[in-house]
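> My questions will all concern the structure given below.
The values are calculated or read from the model by the stated rules, or taken from the named source; none is laboratory data. These numbers were taken from a predicted model, which means no experiment stands behind them. Cβ atoms come from the backbone with ideal geometry, glycine included; neighbour counts cover every protein chain shown. Quick note on the areas: whole protein, heavy atoms, side chains included, nothing else; ligands and nucleic acids left out. Shrake-Rupley method; radii C 1.70, N 1.55, O 1.52, S 1.80 Å.
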Amino acid sequence: MSGDEEMYRLDRCPQGRWELAQMRPEADLAGAVVRYAGYRERRGWSIDNREVASPVVPVIIGFGDPFRVRMAADRGNDHGSFVAGLYDGYADVASTGRAHCMQVDLTPLGAYRFFALPMRELAARAVALEDVGRFDELRGRLHD
């Protein structure tokens, strides 16, 4: 396997419903960023996932329909762009239509540095990006 193949991976549903592109960060970001991913649903299917706890803080920058996110005892909320703090159980994530997003998985230290927030403020919660900072310009540039 070449270095490029190890850094980048593209998966597609055989029926053409979705595609997922993943990439590892350059070495100088490895202590802050675990991976980048781009996801798109080609058809209006609702895909439901149960995510198990992991030591990453996912940042979702949405370009399509929102996701419904429920963490632990939370009743669930719809989010277009959000960050999910560390949790010790599971999270249910469902698309509500044609999902299209970019995901950046941060280490806890990377999230602390990026958001300049104590991680306890995000713990076991999915928080809309607009509630933790101004990301409109970033979202627009990434979409373009």
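> Go through 100, 56, 117 and say which Cα lies farthest out towards the positive end of the charge dipole of the range 21-144; charges sit on Cβ, +1 for Lys and Arg, -1 for Asp and Glu.
100
> Lys/Arg Cβ at +1, Asp/Glu Cβ at -1, dipole of the chain taken about the Cα centre: which of 47, 33, 133 is farthest positive-ward?
47
> Sticking with this structure for a sec: With contacts defined as alpha carbon pairs under 8 Å and 6 or more residues apart, what's the relative contact order of the chain in percent?
It rounds to 25 percent for the chain.
> Then there is this: Grab the other residues whose beta carbon is less than 12 angstrom from that of residue 68, score K and R as +1, D and E as -1, and report the net.
Surrounding charge for residue 68 is -3.
> Taking the solvent-accessible surface of protein heavy atoms with a 1.4 Å probe, what is the per residue accessible area of the range 1-140 in Å²?
Per-residue value: 60 Å².
> Given the options 81, 95, 54, which has the most mean-square fluctuation in a GNM of the chain, springs set between C-alpha atoms less than 10 angstrom apart?
In this elastic network of the chain, the residue with the biggest mean-square fluctuation among 81, 95, 54 is 54.
> Which value in deg cm²/dmol, rounded to the nearest 500, describes the helix-derived mean residue ellipticity at 222 nm for the chain, given -39,500 (n - 2.57) per DSSP H run of n ≥ 4 and division by the residue count?
-3500 deg cm²/dmol
> What dipole magnitude, in Debye to the nearest 20, does the range 1-128 give about its Cα centre under +1 on Lys/Arg Cβ and -1 on Asp/Glu Cβ?
Roughly 380 debye, rounded to the nearest 20.
> If you count, for each residue, the other Cβ atoms within 10 Å and average over each peptide, how do 60-67, 111-118 line up from highest to lowest?
Top to bottom by mean Cβ count within 10 Å: 60-67, 111-118.
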